[in-house]
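First up is the structure itself, then whatever we jot down about it.
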Amino acid sequence: MQSTILIFIDGVGIGKRDYENNPFFKYGFKTFTENFGEIPHLENQKLKCKNGFLFPVDAVMGVEGIPLSGTGQTSIFCGVNAPKMIGQHFGPYPYSTLVPTIKAKNIFHEFKKRRKKVAFVNAYPKQFFEYVNSGRRRLSVTTLSCLLSGIKLNKIAGLRSGNALAADIDNTRFVEKMNYKMKIISPQSAAKRFLRIGAKNHLTVFEIFHTDHHGHGRAVEYLEHTIKVLDEFLLYLTKNLTEEMTLIVCSDHGNFEDLSIKMHTKNPALGMVFGKNAESISKKIKKLYHIKSAIMEMYGWINSRS
């Protein structure tokens, strides 16, 4: 079975070669250096290696202003130029008039209606389900897409059974911040789990949002831990894909790559592809709204591209 594993990392762009304010240069990032020989920056945004490609993705998409998560993520997961549709960048949650588009065009729905196996591996704490059940719906695009498409959202039990992942990869925040009784796992163990789950599905999606939090100056005590865990996780994945797997890593806008400010940037969003269809996909993705169509074209499905 052809498997696509898609990792969405919130708020990561390609920034300056800055050893003080760009954490990829400050702390190092082996996923970049061991695969591509160097860390990407504004003067060198396109890199390639034996089984992968790194490239910039336009997050501005022809709309004035700073890119924001609601419209950026809608563009990624629905294949539309969301800021152009509403005339502005909007976030952190999707603009209300975009909800019908999210319901009709999100990538989970597209796979499900074609009877393909699709999964969202993130696990949520009890408080999240209480929030949703109260009727409030200020939700990220991924979460809203799953709820609108009938895709199962994992509870804490999924973490304990090895069938889900925490957004921070290793469970640290569930243990230290929310006092859940569970093991902190290694990033390599998390990656093995993700590959095992991914092998069972045509599309498996994982969302990491703490990078954007750090970019906004929040939870700075975890910043170095976050980047090191993310690095080990991604590095293991890039080195251990099966022949039928394609790994896509994408983001919605810049932020984390420039810690000198506590806001989003206009830097290109980070894009990476490894594995079976890496070269063809890397050539198709220029803007955020190309990501969904590139995935669908990989499966031979006709999908118009803007």
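The values are calculated or read from the model by the stated rules, or taken from the named source; none is laboratory data. Not measured: the values here are computed from a predicted model. Please note: Cβ atoms are built from the backbone with ideal geometry, for glycine as well, and neighbour counts cover all protein chains shown.
For the stretch 184-249, list the helices (runs of 4 or more DSSP H) that sit wholly inside it and hold at least 1 residues that are of a type in the set (D, E) and surrounded by fewer than 20 Cβ atoms within 10 Å (Cβ to Cβ); which are they?
Filter on the stretch 184-249 gives 223-239.
What's the number of the only condition in (1) buried (at least 16 other Cβ atoms within 10 Å of the Cβ); (2) in a helix (DSSP H, G or I) that A157 fails to meet?
(1)
Would you mind finding the one in V141, V175, V99 that is under 19 Å from the mean Cα position of the chain (by Cα) and at pLDDT 95 or above?
Of V141, V175, V99, the one residue that is under 19 Å from the mean Cα position of the chain (by Cα) and at pLDDT 95 or above is V141.
Within the stretch 160-182, which residues are closer than 24 Å to V118 by Cβ and of a type in the set (A, V, I, L, M)?
Across the stretch 160-182, the qualifying residues are A164, L165, A166, A167, I169.
Pick out the one residue from K46, K50, K84 that is of a type in the set (K, R) and modelled with pLDDT under 95. Show your work before the answer.
Working: K46 fails: modelled with pLDDT under 95; K84 fails: modelled with pLDDT under 95.
The unique qualifying residue is K50.
Against the conditions (1) touching a helix residue (DSSP H, G or I) at 6+ places or on another chain (Cβ under 8 Å); (2) under 20 Å from L6 (Cβ atoms); (3) not aliphatic (A, V, I, L, M), where does P83 fall short? Just the number, please.
Failed condition: (2).
Free of Cβ contacts under 8 Å to residues at least 40 places away in the same chain, on the phi < 0 side of the Ramachandran plot and small (G, A, S): does that describe S293?
Spelling it out, it is not the case that S293 is free of Cβ contacts under 8 Å to residues at least 40 places away in the same chain, on the phi < 0 side of the Ramachandran plot and small (G, A, S).
Do the conditions hold for E279, that is, is it over 26 Å from A104 (Cα atoms), acidic (D, E) and part of a loop (DSSP other than H, G, I, E, B)? Break it down into steps so the answer makes sense when it comes.
Details: over 26 Å from A104 (Cα atoms): yes; acidic (D, E): yes; part of a loop (DSSP other than H, G, I, E, B): no.
No: the conditions fail for E279.
Does at least one position in the stretch 196-203 carry a residue that is at pLDDT 95 or above and closer than 18 Å to D10 by Cβ?
No; the residues of the stretch 196-203 include none that is at pLDDT 95 or above and closer than 18 Å to D10 by Cβ.
Can you tell me how many residues within the stretch 256-306 are of a type in the set (S, T, N, Q), over 21 Å from L234 (Cα atoms) and buried (at least 17 other Cβ atoms within 10 Å of the Cβ)?
Residues meeting the conditions: 3.
What number goes with the only condition from (1) farther than 22 Å from F29 by Cβ; (2) among the aliphatic types (A, V, I, L, M); (3) assigned to a strand (DSSP E or B) that V273 does not pass?
Of everything listed in (1) farther than 22 Å from F29 by Cβ; (2) among the aliphatic types (A, V, I, L, M); (3) assigned to a strand (DSSP E or B), V273 misses just condition (1).
Of all residues in the stretch 137-154, which are assigned to a helix (DSSP H, G or I) and hydrophobic (A, V, I, L, M, F, W, C)?
Once the filter is applied, which keeps residues that are assigned to a helix (DSSP H, G or I) and hydrophobic (A, V, I, L, M, F, W, C), the stretch 137-154 yields V141, L144, C146, L147, L148.
Could you check how many residues of the stretch 3-23 are assigned to a loop (DSSP other than H, G, I, E, B), in contact with an Asp or Glu (Cβ under 6 Å, 6 or more places away or on another chain) and closer than 24 Å to M296 by Cβ?
Selection size over the stretch 3-23: 1.
Can you spot a residue in the stretch 20-27 that is at pLDDT below 95 and of a type in the set (A, V, I, L, M, F, W, C)? So that I can check it myself, show each step before the final result.
Our first condition is that a residue be at pLDDT below 95; within the stretch 20-27, this holds for none.
No, because not a single residue in the stretch 20-27 is at pLDDT below 95 and of a type in the set (A, V, I, L, M, F, W, C).
Kindly provide the set of residues from the stretch 118-154 that are among the aromatic types (F, W, Y) and surrounded by 17 or more Cβ atoms within 10 Å (Cβ to Cβ), ordered by number.
Selection gives F120, Y124.
Which of the residues belonging to the stretch 218-264 are within 17 Å of the chain's Cα centre (by Cα) and hydroxyl-bearing (S, T, Y)?
Within the stretch 218-264, T226, Y236, T238, T246, S251 qualify.
Out of the stretch 1-34, which residues are surrounded by fewer than 17 Cβ atoms within 10 Å (Cβ to Cβ) and either within 13 Å of the chain's Cα centre (by Cα) or aliphatic (A, V, I, L, M) (or both)?
Passing the criteria: only M1.
Looking at (1) among the hydrophobic types (A, V, I, L, M, F, W, C); (2) in contact with a helix residue (DSSP H, G or I) (Cβ under 8 Å, 6 or more places away or on another chain); (3) modelled with pLDDT of 95 or more, which is the only condition V220 fails?
Failing condition for V220: (3).
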